[in-house]
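Below you'll find the structure, written out as structure tokens, and then a few comments.
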Amino acid sequence: MEGQNIASAEGKEDRLPGLAAELVRLKVDVIVTSSRPATAAARQATRTIPIVFTVSGDSVADGSVASLARPGGNTTGLATLGPELVGKQLELLKAVAPNVSRVAVLQNPSNPAPPALRQAKSAALALGMQLQILDARTPSAIEAAFAAMRTQRADGVLLLRDALFRTQRAQIAALAAKGRLPVVYGLKEHAEAGGLMAYGANVPQMYRRAATYVDKILKGAKPADLPVEQPTRFELVINLKAAKALGLTIPPALLGQADQVIQ
């Protein structure tokens, strides 16, 4: 019950350390996080209260857990992004827009994903693409990044998953449409907001799975002994209206693979 035995710590990224410290002062039994910066803030605030992350990249590389099988410490949860995922996203972008050769990769530098970038560079090489890495940590920086894409003649975009980008999904979809840029996203909310295509884990399902971790911890299990769960299935969402506006024809075979087609 909100306000009785569950409290949310929603806010801007710079508020995360303070919000995490507040949850520790409240002596909560479990902290659930929904982004890498939130997990980092929670881990900095406590090494004793159990932490369950619901959205993470390479949780071993960023130090959140010792290993996926044996997390160690007070942190465990669900990985929703494997570094190989961005390779598949670039393949899908090429399938939808075969002429794309210069791809801008937009990331939030506050939420870096070095393994994903390495995989993106490897996949781009195999697909004959050139990558341009652009940063944005504010809404105004997102607009500046899309302006830079025009200057650098990018003809496609890979948007790395980030809480800011999810919040600004309508802005990003509008900027992509204005620049006539096909963009591949990692969250279906972007496609639902007018973006071209999304491929990634089902995040709502990840949150439901996180509830089972909380349940186990409240019944006595230790985060150190609960393996990090990785998604076994990814969903593809295609927005045909966005494709038509960009003058793109989605291959029938790809449409047949889609979990959701937005008309």
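The values are calculated or read from the model by the stated rules, or taken from the named source; none is laboratory data. What you are looking at is a predicted structure, and each value in this text was computed from that prediction instead of being measured. When we count neighbours, we look across all protein chains shown, and the Cβ atoms used for this are built from the backbone with ideal geometry, even at glycine.
The one condition from (1) modelled with pLDDT of 90 or more; (2) buried (at least 18 other Cβ atoms within 10 Å of the Cβ); (3) aliphatic (A, V, I, L, M) that Ala95 does not meet is (2). Do we have Thr138 as buried (at least 23 other Cβ atoms within 10 Å of the Cβ) and either in contact with a strand residue (DSSP E or B) (Cβ under 7 Å, 6 or more places away or on another chain) or at negative phi (or both) here? So Thr138 does not fit the description; no.
Looking only at residues of the stretch 226-250 that are over 21 Å from the mean Cα position of the chain (by Cα) and either assigned by TED's automatic domain parsing to the domain that holds Thr54 or outside any helix (DSSP H, G or I) (or both), we find that the one that is nearest to Gly194 (Cα to Cα) is Leu246.
Take Ala191 and decide whether it is surrounded by fewer than 21 Cβ atoms within 10 Å (Cβ to Cβ), in the same structural domain as Ser110 (by TED's automatic domain parsing) and outside any loop (DSSP other than H, G, I, E, B).
no
Of the residues contained in the stretch 171-179, none is found to be part of a strand (DSSP E or B), within 20 Å of Glu143 (Cα to Cα) and modelled with pLDDT of 95 or more.
Looking only at residues of the stretch 106-131 that are in a strand (DSSP E or B) and within 27 Å of Ala38 (Cα to Cα), we find that the one that is modelled with the highest pLDDT is Leu106. Of all the residues in the stretch 133-162, those that are under 18 Å from the mean Cα position of the chain (by Cα), under 25 Å from Leu240 (Cα atoms) and of a type outside the set (Lys, Arg) number 6.
Looking only at the stretch 145-166, which residues are assigned to a helix (DSSP H, G or I), within 15 Å of Lys178 (Cβ to Cβ) and touching a strand residue (DSSP E or B) at 6+ places or on another chain (Cβ under 9 Å)? Result: Ala145, Phe146, Ala148, Met149. The requirement of being among the small types (Gly, Ala, Ser), crowded, with 21+ Cβ neighbours inside 10 Å and in a loop (DSSP other than H, G, I, E, B) is not satisfied by Ser67.
The residues listed here are Val24, Val103, Val60, Val28; of these, the one that is crowded, with 20+ Cβ neighbours inside 10 Å and either out of contact with any Gly (no Cβ under 6 Å at 6 or more places or on another chain) or modelled with pLDDT of 90 or more (or both) is Val103.
Considering each residue of the stretch 144-157 in turn, at least one proves to be in contact with a helix residue (DSSP H, G or I) (Cβ under 8 Å, 6 or more places away or on another chain), of a type outside the set (S, T, N, Q) and in contact (Cβ under 8 Å) with a residue 60 or more places away in the chain. Do we find a residue being within 29 Å of Gly247 (Cα to Cα), assigned to a loop (DSSP other than H, G, I, E, B) and touching a Lys or Arg at 6+ places or on another chain (Cβ under 7 Å) anywhere in the stretch 78-100? Within the stretch 78-100 (the criterion being within 29 Å of Gly247 (Cα to Cα), assigned to a loop (DSSP other than H, G, I, E, B) and touching a Lys or Arg at 6+ places or on another chain (Cβ under 7 Å)), the answer is yes, since at least one residue qualifies.
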